[in-house]
Amino acid sequence: MIQALNGTTGVLGIIGNPVSHSRSPVMQNAALQACGLNYVYVPFEVAPDSLGEAVAGLKALGVAGINVTIPYKTEVMKYLDGLDETAVAAGAVNTVNNESGRLIGYNTDGEGLLRALSSDLDFTPHGRTILLIGAGGAARGALAALCRGGARQVIVYNRTHRTAVELVSIMAARYSATRLIALPDITALESALPTVDLVVNATSLGMKGEKIPWLKLELLPHTAKVYDMVYAPPHTELLGESARLGLRAANGLGMLAAQGEGAFSVWTGVTPPSGLMQSVLSGIYDD
């Protein structure tokens, strides 16, 4: 239960499309309550042609901060007053903080991913080969984090090859120690799979129960692991297929909690209770 609202209650929230599936409100409000902070966190679904107006409206209303989710993590950058180095490095924003009337973009996704890989899959990217599915805002944050984590090679596959090439080109200039490859087609993807240590799905594929039919997990080494950033539903077709093949896999709840903790600290200057957000999410999805 959130605190009683009053005239000084600060507003936090999340913008995206769709956003009704988001579990950020329940975990963020639980953390705000636990810390005794006078804020409320709410979802805002924004139409594709209204992002600029929405950001301007949030600023005009004095909203204290927001999360940004699919599909606006990259597009939102042009409407902000400034970017933290985490957002510049990732080329995407998932957290916006209202700093004395200036909206500043941050990226807590990358660190959230690394923490989730470590805790949920006992995986660190250092010296490893990783296949990243997708080239949108979520993939940008993931790719930057994997490079910072010392990945030897990151292979990017996106259904629109040009977008993958653009992403790899941008990141290669920033992270020269990691070999980055944009795969041109499914044939190249199938050839690469036997060399992969980890697959990361950074797309929305699976949110509606769909399969990723062109991703042939059976070609992976038996030691490979799979991380699906999708967390709703908690058991995607990708995770089901991983289980059938005996591959260790995890959904995006750990990353959601970890990036949420980072965003919470950006907005409030307070570290939320350790493990609280993860336990709240686990309770929601305890089958």
Exercise for the section: Examine the range 107-130 for a residue that is closer than 30 Å to residue 162 by Cβ, part of a helix (DSSP H, G or I) and of a type in the set (Val, Ile, Thr), and state whether such a residue exists. Expected result: no
(1) more than 14 Å from residue 59 (Cα to Cα); (2) surrounded by fewer than 18 Cβ atoms within 10 Å (Cβ to Cβ) all hold for residue 93 apart from (2)
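Would you point out the residue of the range 212-234, among those that are more than 20 Å from the chain's Cα centre (by Cα) and surrounded by fewer than 17 Cβ atoms within 10 Å (Cβ to Cβ), that is modelled with the lowest pLDDT? Give the derivation first.
So in the range 212-234, the residues more than 20 Å from the chain's Cα centre (by Cα) come out as 213-224.
From the residues that got through so far, the ones that are surrounded by fewer than 17 Cβ atoms within 10 Å (Cβ to Cβ) too are 213-214, 216, 218-219, 221-223.
On the way: 213: 91, 214: 95, 216: 97, 218: 98, 219: 98, 221: 98, 222: 97, 223: 98.
The residue in question is 213.
Take the range 216-239 and flag every residue that is assigned to a loop (DSSP other than H, G, I, E, B), under 14 Å from residue 253 (Cβ atoms) and not aromatic (Phe, Trp, Tyr).
The first filter runs over the range 216-239 and keeps only residues assigned to a loop (DSSP other than H, G, I, E, B), leaving 216, 220-224, 229-236.
Okay, now just the ones that are also under 14 Å from residue 253 (Cβ atoms), so 229-236.
Scanning the range 216-239 gives 229, 230, 232, 233, 234, 235, 236.
Determine, yes or no, whether residue 156 is assigned to a strand (DSSP E or B), under 21 Å from the mean Cα position of the chain (by Cα) and buried (at least 18 other Cβ atoms within 10 Å of the Cβ). Before the answer, list the steps.
Working: assigned to a strand (DSSP E or B): yes; under 21 Å from the mean Cα position of the chain (by Cα): yes; buried (at least 18 other Cβ atoms within 10 Å of the Cβ): yes.
Yes: the conditions hold for residue 156.
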A careful count of residues in the range 155-197 that are of a type in the set (Val, Ile, Thr), touching a residue at least 40 places away in the same chain (Cβ under 8 Å) and within 20 Å of residue 242 (Cβ to Cβ) gives 3
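Based on what the data block shows, is residue 85 more than 11 Å from the chain's Cα centre (by Cα), of a type in the set (Asp, Glu), modelled with pLDDT of 95 or more and on the phi < 0 side of the Ramachandran plot? So that I can check it myself, show each step before the final result.
Numbers: more than 11 Å from the chain's Cα centre (by Cα): yes; of a type in the set (Asp, Glu): yes; modelled with pLDDT of 95 or more: no; on the phi < 0 side of the Ramachandran plot: yes.
It is false that residue 85 is more than 11 Å from the chain's Cα centre (by Cα), of a type in the set (Asp, Glu), modelled with pLDDT of 95 or more and on the phi < 0 side of the Ramachandran plot.
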Reported set for the range 111-134 where residues are crowded, with 18+ Cβ neighbours inside 10 Å and more than 21 Å from residue 206 (Cβ to Cβ) is 111, 114, 115, 125, 128, 129
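The values are calculated or read from the model by the stated rules, or taken from the named source; none is laboratory data. All values derive from a computational prediction rather than experimental measurement. Here the Cβ is made from the backbone with ideal geometry for all residues, glycine too, and neighbour counts use every protein chain on show.
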